[in-house]
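Beneath this line is the structure, given in structure tokens, with notes to follow.
The values are calculated or read from the model by the stated rules, or taken from the named source; none is laboratory data. From a predicted model like this one, the values you see are computed outputs, not experimental measurements. Cβ placement follows ideal geometry from the backbone for every residue including glycine, while neighbour counts extend to all protein chains displayed. Calculation scope for accessible area: heavy atoms of the full protein, side chains included, ligands and nucleic acids excluded. Shrake-Rupley method; radii C 1.70, N 1.55, O 1.52, S 1.80 Å.
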Amino acid sequence: MKIWLDGKLVSREEAKVSVFDHAVLYGDGCFEGIRAYNGRVFKLRSHLDRMFDSADRIRLKPPYSKDELASAIRATLEANNLTDGYIRLVFTRGVGTLGLNPFKCPTAGCFIITDFIQLYPDELYRDGMAVITAKRPRIPMKCLDPAIKSLNYLNNILAKIEAIEAGVLEAIMLNTDGWVSECTGDNIFMIKDGRIYTPPTAAGILHGITRQFVMRELAPALKIPIEEKMMKLDDLFKADEVFLTGTAAEVIGVSKMDDTTIGSGMVGPLTAKLTEAFRERV
Ligand code: PXG
């Protein structure tokens, strides 16, 4: 396996980051999770735009241009003979002193990992997946805007631990005001009376590329009305269908939340259409 590290393709063993890099010391940096399908990188421009937006919001100067990164991603896929796979692009703050000051780290680091993707098992796409609602709220926008895809994922990881300990794979997170925000690694949608709803960015969420694809392309193509709306957990419990979106998950139906069955307890008809439309498009 070849890893792209600061401009060079190196072996997995050589792909190391310094213990003085603030990504290691403080989780200081940002990242993207991207997919390639049939030799083409899905929504690469949107991912690079979001990456640069994350970097800008934490005052991290990208060490390469978007065009350079696009070429580097393609070169890494090629070096690993991958036409379908998962791409992890990471900017680290870089090597600095032990203090917090990010401006004492002169150059940001960058690496690209490409690998096979482990999807959720097929049965989950067919039968729907069970989730829990996390007791821990999503970190407020005022503290660390979830729109920044930062290397500091402990808020999500702690909610993920709640999910795993409850025997499921995902957790729905509320914001500190009790509104539904998103899941630990996926955005959330519900369907009621033939309309799709998803929390607005003001709920404190990652602006998911898959979310945007569903809102701007898939739902309109299927002529399903879709809108952003603040929602409470109770709205989800009473929904006809609930589904999640993410680069890794694509579009996956939710059959159960905590002890409550959603809709019929099977993947709903509109969710099934969206999952199918997603796969056709990619
Ligand atoms: N919300 C959060 C918090 C995320 O991390 C999404 C939504 C979906 O966004 P995209 O742009 O992918 O549609 C993400 C993406 C994993 C994993 O292993 C998931 C993500 C990042 C890293 C790992 O499930 N998330």
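Table for the structure above
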quantity: Probe 1.4 Å, protein heavy atoms only - accessible area per residue of the stretch 1-48 in square angstrom; calculated: 53 Å²
quantity: Per residue solvent-accessible surface (Å²) - the stretch 201-240, probe of 1.4 Å; calculated: 48 Å²
quantity: Global geometry of the stretch 165-282, whether rounded, prolate or oblate, following the gyration tensor of its Cα atoms and the 1.5 cut on a/c; calculated: rounded
quantity: At 1.567 mPa s and 4 °C, Stokes D of the chain from Kirkwood alpha-carbon radius, µm² per second; calculated: 66 µm²/s
quantity: Three semi-axes of the equivalent ellipsoid, the stretch 65-189, Cα gyration tensor, whole Å, largest first; calculated: 30, 25, 12
quantity: The stretch 181-282: relative contact order as a whole-number percent, Cα under 8 Å and 6+ apart; calculated: 27 percent
quantity: Accessible heavy-atom area order of F111, F278, highest first, probe of 1.4 Å; calculated: F111, F278
quantity: By accessible area with a 1.4 Å probe, ligands and nucleic acids excluded, highest first: order of K232, K66, K16; calculated: K16, K232, K66
quantity: Label-to-label distance, nm, for residues given as C143 and I164 (7 Å Cα→Cβ offset); calculated: 2.2 nm
quantity: Placed amide H near S181: partners under 5 Å, 5+ positions off or other chain; calculated: M173, L174, N175
quantity: Residue-wise HN-Hα coupling along the stretch 99-114, computed from phi with Karplus coefficients 6.51, -1.76, 1.60 (Hz; x: Gly, Pro); calculated: x, 5, 3, x, 6, 8, 9, x, 10, 6, x, 8, 9, 10, 10, 10
quantity: For the stretch 65-116, alpha-carbon Rg relative to the globular expectation (2.2 N^0.38 Å, N residues); calculated: 1.43
quantity: Dimensions in Å of the stretch 1-117 - Rg and Dmax from alpha carbons; calculated: 14.0, 45
quantity: Accessible surface of the chain, 1.4 Å probe, proportion on carbon and sulfur as whole %; calculated: 53 percent
quantity: Relative contact order of the chain, defined on C-alpha pairs under 8 angstrom at six or more residues apart (%); calculated: 17 percent
quantity: Kirkwood Rh in Å, taken over the stretch 166-224 so that all alpha-carbon pairs contribute; calculated: 12.5 Å
quantity: Subset of K135/K273; K2/K135; K43/K273; K104/K142; K66/K223; K142/K256 violating a 28 Å alpha-carbon distance limit; calculated: K135/K273; K2/K135; K66/K223; K142/K256
quantity: Most mobile of N38, N187, N175 in a GNM of the chain (Cα contacts under 10 Å); calculated: N38
quantity: The stretch 13-40 residues near the modelled E68 label - backbone nitrogen below 18 Å, point 7 Å along Cα→Cβ; calculated: 30-32
quantity: Accessible-area ranking of T198, T247, largest first, probe 1.4 Å; calculated: T247, T198
